[in-house]
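Just below is one structure, and these are the notes that go with it.
FYI, it's all coordinate maths here, none of it is from the lab. Treat the numbers as computed from the prediction; the structure is a model and nothing was measured. FYI the Cβ positions are ideal-geometry reconstructions off the backbone, even for glycines, and counts take in every protein chain you see.
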Amino acid sequence: MSFTLHQGSAPLIVSIPHAGVEIPAEFAGRFRSDWLARRDADWHMPALYGFAKTLGASMICARVSRSVIDLNRDPAGGSLYPGQATTGLCPTETFDGAPLYVGDGPDEAETARRVARYFWPYHQALGAEIARVKARHGFAVLYDAHSIRSRIPRLFAGELPQFNIGTHDGRACPPGMAARVAGICAASGFSFVLNGRFKGGWITRHYGQPEARVYALQMELAMRGYMDEPEEPTPGNWPSALKNPAPVGAILQQILGDLVHEPH
């Protein structure tokens, strides 16, 4: 199975599509190194959000590396941020622009196979879980959990705020839901932004349908809030360990504790 699914009792679903670090055997020798193919993972996220299960939240976590298939990209190949540097459905380079493959990356036929084998099973399970939760509670809240290094000049200027909230510019959830999450972040004293560089990926944009009482929000954390970030990641220093307790942990608990209630 290319993902794990925990079914909870609350109206909240936590999706972690970039947690995966597995490189399936069929890709042996394709990448310049397995470490490079794992480097841009959203490290430690299942552990950081482990408390969500005690709130009754469902949780779906990818196991396969995003270098194989990015579960938060348009399966048709469209860019989420036209005109800006980003990585695609089957990335051929790292966040910093280093090539991932020995030789050529996947062609159109191989991309289609990866979409069928890894992309759609995750989304079929996520869609079914949203439907199950909504049938039980009358609504569903989808929290798409992400993280990224605080400084990646190729993708954004300067240092990223600690909390980056994305709601597809207000299309994926009601204003009050975003305002409450932003208020918790503001009260924490950490930096935050709403619909800044990261406005929500394909998951937030695809599933967020407030008119149908399915509400979606993406949280992109700067990794410094829960792990040490070396100036230059290398196989010897990356990934670093999860800080225990993580400085942002209590704030995340407040946020998810708020999201188990239907937004207005």
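Descriptive notes on the structure:
- Coupling constants for segment 220-237 follow from the phi torsions by the Karplus curve (6.51 cos²θ - 1.76 cosθ + 1.60, θ = phi - 60°), and in residue order they are 9, 8, 6, 4, 4, x, 8, 7, 6, 10, x, 4, 9, x, 9, x, x, 10 Hz; glycine and proline get x.
- Contour excess over end-to-end distance, with Cα ends at residue 197 and residue 74 and 0.36 nm allotted per residue: 42.5 nm
- According to the Kirkwood relation over distinct C-alpha pairs, the hydrodynamic radius of segment 44-203 is 17.7 Å.
- Within straight-line cross-link reach of residue 53, lysines at Cα separation under 24 Å, skipping those fewer than 8 residues along the same chain: 134, 243
- FRET efficiency, 1/(1 + (r/R0)^6) with R0 22 Å, evaluated for residue 261 and residue 53 via beta carbons: 0.80
- Cα-centred dipole magnitude for segment 3-259, charges only on beta-carbon of K, R (+1) and D, E (-1), debye, nearest 20: 680
- Residue 209 versus residue 32: modelled label distance in nm, points set 7 Å from Cα along the beta carbon direction: 4.2
- The chain, helix-only ellipticity at 222 nm - DSSP H runs n ≥ 4, -39,500 (n - 2.57), divided by all residues, nearest 500: -7000 deg cm²/dmol
- Each residue in 90, 173 was given a count of other beta-carbon atoms within 10 angstrom of its own, and listing them fewest first yields 90, 173.
- Here segment 3-259 carries DSSP beta bridges of which approximately 35% are antiparallel, counting only pairs with both residues inside.
- Ordered by the number of other Cβ atoms lying within 10 Å of each residue's own Cβ, fewest first, 132, 73 fall into the sequence 132, 73.
- As a rough footprinting exposure proxy, the listed residues 93, 129 were ranked by other beta carbons within 10 Å of their own, and the order from fewest upward is 93, 129.
- Cα-projected label distance for residue 241 with residue 186, points at 7 Å along beta-carbon direction, nm: 3.7
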